[in-house]
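The structure appears below as C-alpha cells.
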Amino acid sequence: MSSLKNDLILKTLRGEQTERTPVWMMRQAGRYLPEYMVLRKKYSFFERCQTPELACEITLQPVDIVGVDAAILFSDILVVPQAMGLEVQMVESKGPILPDPIKTTNDLNRIIVPDVNETLGYVFDAIKLIKQELNNRVPLIGFAGAPWTLLCYMVQGKGSKTFDEAKEFCYTQPALAHQLLQMITDTTIAYLKGQIAAGADTVQIFDSWGGLLSPDDFENISLKYIRQIVAALKDEAPVIVFAKGAWHSLDSMAATGAAGLGIDWCIKPQLARQFAGKNITLQGNFDPARLLGPISEIQKEVKKMMNAFGPGNHIANLGHGILPNVLVSHAKAFVDAVKNHQFEN
Ligand code: CP3
C-alpha cells in the first residue's frame, strides 16, 4: 500500500505537529450538494447506502467539490439496527421510522447480534471501492452510532427532541435496556473492526443524543458502552468520540483512550480543553447554522474559532452535521478559511 498524500487528520490524531489545521464537516456528503440531489432523485436512501458504486460516488463528492481533508463513508448509523433485524425506513421529510420498535422482552428476542460480513458486507465492499477511488488523496473516516443513540431510535421508533420513550425504557426496564445496549455494542465492535479491515483509516462514534442524559446516566447508559468499543478498536485505528452536548464528561471520554473528541458549539474551546486535558485532539466546533450567514461573517467566525483552539491538537469541523439549506459556496468558504488561517505568534 502506498501512503496517503494528505494525512493531516491522522497526524493530528496521533498528536503530531502539522503545517496547518485539518478540516472536514460532519454530514459533508448530503443534501446541500446538487450532485447528491441528482442521485437522491434516482435511488432510494438505502439503495444509495447498499450499492457500493453509489456510496463511493457520494463519499467522494465533498472531497472533489469542497476540498475537505478527509472523506467520510456514505452510509447511516441505522444500518446497524437493520442488520440486527429491525426494519428501518427513511421517509421523505420525516426522517427515520422503525415501525416495530423494541418495548418488551419479546421484542428483544426478535433481534440478533448478526454476522457483520453477511449483513453489512456491502459497507465493507463500499469502503474497499472508496479507498481505491480515493487513491490515497485523503484518509477515509468510518463510523457507527453510539449504543445509546442507536437505542434511542430502536426504542422510540422515530426521531424525537427528548427521546422520552427511550429514557422510560431505560428507567423502567434497566436489565432489558442493558441487554440491548450490550447487543448493540457487540455488533458495533465487529462492524467497526470490519470497516478498519476494509480500509477505514480512523473511525468516529456518533453519540448524537448523549447530551440528553444527566452526567450519571451518561456514564451508565452511554459511556460504559463507548468505553468497550474504544478499548476494542484503539490499537487498530484512532477513534474519535463525538457525544453531542456531553461536555460534562470530556474528562472521562478522554480517559477511554480515544484519540479525538468532538465538541459542539455550545462550549468554549478553552473550557473543553480544560475538561479534556492537554494531550487529546479536539474536533469542532463551528455552529452549523453559521454557514447560513454571509461569507464575510463565516470568515470572521472561523478566525475566532481557530484562535480559540490554537495550533495543533485540533481538527476543524462543525459542531454537528451540515444543514441541507447551506450553499456550497458557504461550505467551501468555511473549509478555505480554515486552510488559509494564520496563527499570530
Ligand atoms: O457524514 C456524512 O456525510 C456521511 C454520511 C452520514 C449520514 N448519516 C447520511 C445521511 C452519517 C455519518 C450519518 C450519521 C447519522 N445518521 C447520525 C449521527 C450524526 C448526526 O447528525 O447526529 C444520525 C442521528 C443519523 C440518523 C438519521 N439519518 C437521521 C435522523 C436522518 C434524517 C434527518 C436528516 O438529516 O435527513 C438520516 C438521513 C440521512 N443520513 C441523510 C444523509 C445524507 C439524508 C437522507 C436524504 O434525505 O437524502
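Tell me which helices (runs of 4 or more DSSP H) are completely within the stretch 23-70 and hold 1 or more residues being farther than 22 Å from ALA198 by Cα and more than 10 Å from the ligand (Cβ to nearest atom), or say none if there are none.
In the stretch 23-70, the matching helices (runs of 4 or more DSSP H) lie at 34-42, 52-65.
Between GLY85, GLY95, which is under 19 Å from the mean Cα position of the chain (by Cα) and exposed (fewer than 15 other Cβ atoms within 10 Å of the Cβ)?
Step by step, each of GLY85, GLY95 is checked, and only GLY95 is under 19 Å from the mean Cα position of the chain (by Cα) and exposed (fewer than 15 other Cβ atoms within 10 Å of the Cβ).
Scan the stretch 184-193 and give yes if some residue there is touching a strand residue (DSSP E or B) at 6+ places or on another chain (Cβ under 6 Å), within 13 Å of the ligand (Cβ to nearest atom) and of a type in the set (Val, Ile, Thr), otherwise no.
no
Given the conditions (1) under 30 Å from SER93 (Cα atoms); (2) in contact with a helix residue (DSSP H, G or I) (Cβ under 7 Å, 6 or more places away or on another chain); (3) within 16 Å of the ligand (Cβ to nearest atom), and given that ILE315 satisfies all but one, which numbered condition is not satisfied?
(1)
All but one of (1) closer than 21 Å to GLU47 by Cα; (2) more than 16 Å from the ligand (Cβ to nearest atom) hold for LYS167, so report the exception by its number.
Every condition holds for LYS167 apart from (1).
What are the residues in the stretch 220-247 that are within 16 Å of the ligand (Cβ to nearest atom) and in a loop (DSSP other than H, G, I, E, B), if any?
Answer for the stretch 220-247, where residues must be within 16 Å of the ligand (Cβ to nearest atom) and in a loop (DSSP other than H, G, I, E, B): LYS244, GLY245, ALA246.
Restricting the first residue to the stretch 251-275 and requiring it to be free of Cβ contacts under 8 Å to residues at least 24 places away in the same chain and closer than 14 Å to ILE315 by Cβ, which pairs with a second residue that is assigned to a helix (DSSP H, G or I) and open to solvent by less than 80 Å² (accessible area, probe 1.4 Å) meet a Cβ separation below 7 Å and a spacing of at least six or different chains?
Note: pairs meeting the criteria are LEU261/LEU250; LEU261/MET253; LEU261/ALA254; LEU261/ALA276.
Look through the stretch 247-268, keep the residues that are more than 15 Å from the chain's Cα centre (by Cα) and of a type in the set (A, V, I, L, M), and return whichever of them is surrounded by the fewest Cβ atoms within 10 Å (Cβ to Cβ).
ALA255
Out of the residues in the stretch 102-130 meeting the condition of being within 16 Å of the ligand (Cβ to nearest atom) and open to solvent by 30 Å² or more (accessible area, probe 1.4 Å), tell me which one is nearest to TYR43 (Cα to Cα).
Selected residue: TYR122.
Can you tell me which residue is nearest to the ligand (Cβ to nearest atom) among those in the stretch 206-219 that are acidic (Asp, Glu) and farther than 22 Å from TRP24 by Cα?
ASP217
Filtering the stretch 145-185 down to residues that are under 10 Å from TYR225 (Cβ atoms) and among the β-branched types (Val, Ile, Thr), which residue is surrounded by the most Cβ atoms within 10 Å (Cβ to Cβ)?
By that ranking, first place goes to ILE184.
Looking only at the stretch 80-127, how many residues end up being more than 19 Å from PRO52 (Cα to Cα) and among the aliphatic types (A, V, I, L, M)?
Result for the stretch 80-127: 11.
For the stretch 81-92, state whether one or more residues are part of a helix (DSSP H, G or I), within 11 Å of the ligand (Cβ to nearest atom) and in contact (Cβ under 8 Å) with a residue 12 or more places away in the chain.
Yes: one or more hits.
Out of all the residues in the stretch 120-129, is one or more touching an Asp or Glu at 6+ places or on another chain (Cβ under 8 Å), more than 19 Å from PHE206 (Cα to Cα) and without any contact (Cβ under 8 Å) to a residue 12 or more places away in the chain?
Looking for residues that are touching an Asp or Glu at 6+ places or on another chain (Cβ under 8 Å), more than 19 Å from PHE206 (Cα to Cα) and without any contact (Cβ under 8 Å) to a residue 12 or more places away in the chain, one finds none in the stretch 120-129, hence no.
Restricting to the stretch 53-73, what's the tally of residues that are of a type outside the set (Val, Ile, Thr) and surrounded by fewer than 19 Cβ atoms within 10 Å (Cβ to Cβ)?
Summing the residues that are of a type outside the set (Val, Ile, Thr) and surrounded by fewer than 19 Cβ atoms within 10 Å (Cβ to Cβ) in the stretch 53-73 gives 4.
The values are calculated or read from the model by the stated rules, or taken from the named source; none is laboratory data. Only a predicted model underlies this, so the values are computations on that prediction, with no experimental measurement involved. All Cβ positions, glycine included, derive from the backbone under ideal geometry; neighbour counts span all protein chains shown. Protein only, heavy atoms only, side chains kept; ligands, DNA and RNA dropped before computing areas. Shrake-Rupley method; radii C 1.70, N 1.55, O 1.52, S 1.80 Å.
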